[in-house]
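Asker: This is the structure I have questions about; it appears just below.
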Amino acid sequence: MYLPPQFNSTDKSIAADLMREHSFTSLISVDEAGLPFVTHLPLHLEENPVNGEGSENWVLLGHVAKANPHWRYLQARPQALV
C-alpha cells in the first residue's frame, strides 16, 4: 500500500494520542466459516505495567458482551485487527 510521506509518522506518541482521543474502533477477526466478523467497541490504550515503558508494551483493553459471538471466535482464533 502506498503511504504518502506526510501520513507516515514514526512518532509513537502521535499514535498514542490518536488512539486515546478516538477510542471507538472496529474489532475484526474471522468466524467459524472463515468469514470476517466485525464488532464496534471502545478500547482503552495503556502501557503494560509488567513489561515497562515504551510502545512495544502497549495493551488495548476492551470488553465483548457474552451475547456477542465474537468472544468465541477470538477464543478459537486469537488473532484480530483493530
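Asker: Please check the chain for the longest run free of GluC sites (Glu not before Pro) that are loop-located per DSSP (anything but H, G, I, E, B) and have at most 12 other Cβ atoms within 10 Å.
Answerer: The segment 1-31 is the longest one with no such site.
Asker: Between the helical axis of 12-21 and the dominant principal axis of the chain, each derived from Cα atoms, what acute angle in degrees is found, rounded to the nearest 10?
Answerer: Orientation of helix 12-21: about 50 degrees from the principal axis.
Asker: Same structure, new question: Can you tell me the length gained on complete extension of the stretch HIS44 to ILE28, counting 0.36 nm per residue apart and subtracting the Cα distance?
Answerer: Values: separation 16, 0.36 × 16 = 5.76 nm, distance 1.64 nm.
Using 0.36 nm per residue and subtracting the Cα-Cα distance, I get 4.1 nm.
Asker: For the chain, what is the Kirkwood hydrodynamic radius in Å, using each pair of distinct C-alpha atoms?
Answerer: One decimal place: 14.6 Å for the Kirkwood radius.
Asker: Quickly work out the GLU56-to-ASN8 label distance, labels modelled 7 Å from Cα along the C-beta direction, and quote it in nm with one decimal.
Answerer: 2.2
The numbers here are math on the coordinates, done by the rules we state, and not lab data. Since we're looking at a predicted model, the values are computed, not measured. Quick reminder, even Gly has a Cβ in these numbers, built from the backbone with ideal geometry, and neighbours come from all protein chains shown.
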